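The values are calculated or read from the model by the stated rules, or taken from the named source; none is laboratory data. Note that the structure is predicted; figures quoted are calculated from it, not measured. Heads up, the Cβs are rebuilt from the backbone with ideal geometry, glycines too, and the neighbour counts pull from every protein chain shown.
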Amino acid sequence: MLAALTACGGGHDDDDGPEAAPTIQLLSSSPDHVTGGNALIDITVPRQIKLDRRPLRIELNGNDVTREFRPLLDDLRHLQAVVTGLRDGENTLTAKIGRETATLRMTNYPITGPVISGPWQTPFICQTESFVLPDGSRLGPPLDANCSVATRVHYVYQKNTGGALVPMPSTTSLPADVASTTTLDGRTVPFVVRVETGTVNRGIYQNAVLHDPTRESAPTPLKPPKAWNKRLIAVEGFGCPGGWYIQGAAQGNISVAGFDFTLLNVRRLGEGYATFANTLQHASNNCNAVLASEAAMMSKEAVIETFGVPVFTVSAGCSGGSYGSAQPADRIPACSTAC
């Protein structure tokens, strides 16, 4: 979505004028729904501008953040960064080249929400101590009354005998029995999956994607996982009765009638898809469709700020999750698979 911007200033040489102004694009969310104090932003420099002669200056709320931006390897006119330190409420980012300035105004909300869902449900029961991580351990006690936890990363892999994904014994070397997989883009890589767990919107979120920690650095939007096919699946869960006032102790994973609606869907992960879910997207935990939409919106933003922008996003759910899969496209995915 293109962010609203303005260009101003008068020109007195060939590099001035509106056609010489930079442009700003907010990539991780809409400008009025930024969350967590972070935002993935793209600055585009006009082709005729030579930055060694006309320096670019980028400011967030008057503070110079130019050094945070890096050019894309395949298009040096685009500079990107996950800008941090946004304050709650209104924020202004400017990009200046000579006399020309582009301006982006953003509204930031806390990572705990709410954004669009209205007043919080109370009481609200934290369930981090019951949530099972990929290595079999549990998240443990929450850090605050908002059910927050420290974000952590685990790695799982598929053995060359097939079957479900199992915990990696080490991230410094590949297991001897690791399988390989070929993605939709034709990449053949070790079948190793990165699983990130944290809290967003008071729910427990996770995302998963092929990523080899023995050969790749931690993923960023400028350096996403090499095997990611740039496609994203949201797992919406199932059910509805009883889904109120709780954080949720599990994601809405279900395999039924030939469908696999799970975060660790071996087929889709092996094809290079990334997946994400939030316990508040799972209707058995949360029957509030607006809150589920908000949780999906915020969790997808977290994925983009970690891996980059997907080509497209689809969602998958069953029963109550089918309802969640059909929510408005400007909030969550535009396409869905349901049962």
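Summary table
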item	result
Residue within region 30-42 that is of a type outside the set (A, V, I, L, M), more than 17 Å from Glu90 (Cα to Cα) and either modelled with pLDDT of 55 or more or not in a loop (DSSP other than H, G, I, E, B) (or both) present	yes
Of all residues in region 289-305 being aliphatic (A, V, I, L, M) and under 14 Å from the mean Cα position of the chain (by Cα), the one that is farthest from Ile246 (Cα to Cα)	Ile304
Residue selected from region 267-306 under the condition of a type in the set (Asp, Glu) and outside any loop (DSSP other than H, G, I, E, B), by the criterion surrounded by the fewest Cβ atoms within 10 Å (Cβ to Cβ)	Glu305
Scan of region 242-259 for residues that are within 25 Å of the chain's Cα centre (by Cα) and not in a loop (DSSP other than H, G, I, E, B), ordered by number	Ile246, Ile254, Ser255, Phe259
Candidates Ala257, Ala208 - the one that is touching a helix residue (DSSP H, G or I) at 6+ places or on another chain (Cβ under 9 Å), of a type in the set (A, V, I, L, M, F, W, C) and either modelled with pLDDT of 95 or more or surrounded by fewer than 22 Cβ atoms within 10 Å (Cβ to Cβ) (or both)	Ala208
Qualifying residue in region 110-128 (condition: under 24 Å from the mean Cα position of the chain (by Cα) and assigned to a strand (DSSP E or B))	no
Near pairs, Cβ below 7 angstrom, 6+ apart or cross-chain, from region 76-101 (touching a residue at least 40 places away in the same chain (Cβ under 8 Å)) to any residue that is in a loop (DSSP other than H, G, I, E, B) and among the aromatic types (Phe, Trp, Tyr)	Gln80/Phe69; Ala81/Phe69
Residue within region 54-65 that is under 25 Å from the mean Cα position of the chain (by Cα), modelled with pLDDT of 70 or more and assigned to a loop (DSSP other than H, G, I, E, B) present	yes
Of residues in region 307-339 being under 14 Å from Thr262 (Cα atoms) and assigned to a loop (DSSP other than H, G, I, E, B), the one modelled with the highest pLDDT	Cys318
Index of the failed condition, Ala292 passing every other in (1) touching a Leu at 6+ places or on another chain (Cβ under 7 Å); (2) modelled with pLDDT of 95 or more	(2)
Count - residues of region 141-194 that are in contact with a strand residue (DSSP E or B) (Cβ under 9 Å, 6 or more places away or on another chain), of a type in the set (A, V, I, L, M) and without any contact (Cβ under 8 Å) to a residue 12 or more places away in the chain	2
Residues within region 167-195 that are crowded, with 17+ Cβ neighbours inside 10 Å, among the polar types (S, T, N, Q) and assigned to a strand (DSSP E or B), tallied	1
